[in-house]
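See structure below.
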Amino acid sequence: MSLCHPENGGVSCGACCGLFNLKVSIPEYKEILKERTEQFKSTVNFEVRHSFPIYRKSREETESIYPKKDDSTYNCPFLGYVDESDKKIGCMIHPIFTKDPKSQNFSFYGTSICQTYDCKNKESEISKEWEDLFLEVSDSSTTYSLIASDHIFATAIEKYFYHKKIEQKEMFGIYREFLKDLYKLRKETISEKNFTSFEINFENFSDLKSCEDYLKHELGLSELGWKEKSPDRNGPGDSSVIKLLL
């Protein structure tokens with residue numbers, strides 16, 4: 001398993017399929033995914049090749065009513081729910097389901113792109129640490145996709161702690177609540193973004209100020225800091241936690 005499809009948590013990421021290019025609300029994203037899945041199951045027969053393009057054409061026409069954030073970005077209708085509980089999203093024509101290694105050629109991007117692309121957060125040396133954190137602040141695959149694909153924001157946080165001379169082990173340890181607070185705020189503004197995971201990072205975050213300025217701008221904060229909060233009860237193993245200063 002990977003950051004795209006975590007083993008635990010009951011969520012997955014589908015941002016690279018262009019879902020967030022549709023200018024709709026979070027509940028509408030979920031409804032679109034549900035509609036796609038239901039129509040796919042009633043239309044596509046893996047043994048009938050022409051059923052794939054029939055489904056694709058129908059969904060493209062149906063979803064053409066939604067405004068796009070970027071006309072040059074494609075939103076693939078083959079992204080839908082891939083588990084029985086309709087929680088995890090993924091490619092409904094992935095070879096793991098169709099048993100055909102070339103089945104994704106029915107999509108706009110095609111097999112060669114779909115099966116070889118890896119996003120920045122997935123490629124990160126600390127992808128497992130980020131995955132665990134993203135799972136803690138996500139309540140659905142839609143939210144998880146928005147957060148997991150936001151690699152520039154994650155890079156800014158990593159660089160912020162680097163310039164603070166705080167090791168990554170501590171960042172994901174004693175500063176974990178601070179990180180979660182940052183992402184809770186991020187979720188309030190993130191739905192307007194068109195994350196695909198292949199955004200180009202033009203920021204090098206070469207110093208602490210550039211990291212702080214970026215994070216404050218993205219989160220709508222005037223200051224960026226933390227505070228130490230003592231536990232309600234003191235006892236063996238109890239320790240204070242570090243929270244975002246608001």
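Enumerate the pairs (first residue in segment 182-204 and surrounded by 17 or more Cβ atoms within 10 Å (Cβ to Cβ); second residue anywhere and modelled with pLDDT under 85) with beta-carbon separation below 7 Å, excluding pairs fewer than 6 apart on the same chain, so at least 6 apart or on different chains.
Cβ pairs passing all conditions: LEU182/LEU244; SER197/CYS119; SER197/LYS120.
Which residues, taken from segment 91-102, are surrounded by fewer than 21 Cβ atoms within 10 Å (Cβ to Cβ) and not in a loop (DSSP other than H, G, I, E, B)?
Here is the first cut: in segment 91-102, the residues surrounded by fewer than 21 Cβ atoms within 10 Å (Cβ to Cβ) are 94-102.
Scanning segment 91-102 gives PRO95, ILE96, PHE97, THR98.
Residue by residue through segment 103-123, note down the ones that are over 22 Å from ASP150 (Cα atoms), of a type outside the set (Phe, Trp, Tyr) and in a helix (DSSP H, G or I). Let's see the steps before the verdict.
Filtering segment 103-123 for residues over 22 Å from ASP150 (Cα atoms) gives 103-108, 110-112.
When the remaining residues are screened for being of a type outside the set (Phe, Trp, Tyr), the result is 103-105, 107, 110-112.
Of everything in segment 103-123, those that are over 22 Å from ASP150 (Cα atoms), of a type outside the set (Phe, Trp, Tyr) and in a helix (DSSP H, G or I) turn out to be SER103, GLN104, ASN105, THR111, SER112.
For ILE166, work out the one condition from (1) under 30 Å from VAL82 (Cα atoms); (2) surrounded by 13 or more Cβ atoms within 10 Å (Cβ to Cβ); (3) among the hydrophobic types (A, V, I, L, M, F, W, C); (4) without any contact (Cβ under 8 Å) to a residue 12 or more places away in the chain it doesn't fulfil.
Status for ILE166: all satisfied but (1).
Being among the aliphatic types (A, V, I, L, M) and over 21 Å from the mean Cα position of the chain (by Cα) narrows it down to one residue among ILE65, ILE26, ILE93; which is it?
It is ILE65.
Checking the structure you have, find out if any residue of segment 103-113 is modelled with pLDDT of 95 or more, open to solvent by 50 Å² or more (accessible area, probe 1.4 Å) and among the polar types (S, T, N, Q).
yes
Can you tell me which of SER230, SER210 is surrounded by 10 or more Cβ atoms within 10 Å (Cβ to Cβ), at pLDDT 80 or above, of a type in the set (Ser, Thr, Tyr) and out of contact with any His (no Cβ under 7 Å at 6 or more places or on another chain)?
Matching residue, one of SER230, SER210: SER210.
Pairs only if they're at least six apart or on different chains, beta carbon under 6 angstrom, first in segment 70-83 and free of Cβ contacts under 8 Å to residues at least 12 places away in the same chain, second among the hydrophobic types (A, V, I, L, M, F, W, C) and open to solvent by less than 30 Å² (accessible area, probe 1.4 Å); list them, first residue then second.
Partner pairs satisfying both residue conditions: none exist.
Residues of segment 7-27 being in a helix (DSSP H, G or I) and farther than 23 Å from GLU136 by Cα, which ones?
Result: CYS17, ASN21.
Looking for whichever is open to solvent by 70 Å² or more (accessible area, probe 1.4 Å), under 27 Å from GLU188 (Cβ atoms) and part of a helix (DSSP H, G or I) here; the options are LYS30, LYS41. Which one fits?
Answer to the check: LYS30.
In the set ASP86, ASP100, ASP70, which member is under 18 Å from VAL48 (Cβ atoms) and out of contact with any Cys (no Cβ under 9 Å at 6 or more places or on another chain)?
Just one listed residue meets the conditions, ASP100.
Which one of the conditions (1) touching a His at 6+ places or on another chain (Cβ under 7 Å); (2) closer than 20 Å to ARG186 by Cα does GLY90 fail to meet, given that it meets all the rest?
Among (1) touching a His at 6+ places or on another chain (Cβ under 7 Å); (2) closer than 20 Å to ARG186 by Cα, GLY90 violates only (2).
When segment 44-75 is examined, which residues are found to be among the polar types (S, T, N, Q) and either assigned to a helix (DSSP H, G or I) or more than 30 Å from LYS193 (Cα to Cα) (or both)?
Listed by number, the residues that qualify are ASN45, SER51, SER58, THR62.
Restricting attention to segment 123-162, which residues are open to solvent by 10 Å² or more (accessible area, probe 1.4 Å) and within 12 Å of SER12 (Cβ to Cβ)?
Within segment 123-162, GLU131, LEU135, SER138, SER140, THR143 meet the criteria.
The values are calculated or read from the model by the stated rules, or taken from the named source; none is laboratory data. As the structure is a computational prediction, the values presented were derived from the model and not from experiment. Here the Cβ is made from the backbone with ideal geometry for all residues, glycine too, and neighbour counts use every protein chain on show. Remember, those area values only see protein heavy atoms, side chains included, never the ligands or the DNA or RNA. Shrake-Rupley method; radii C 1.70, N 1.55, O 1.52, S 1.80 Å.
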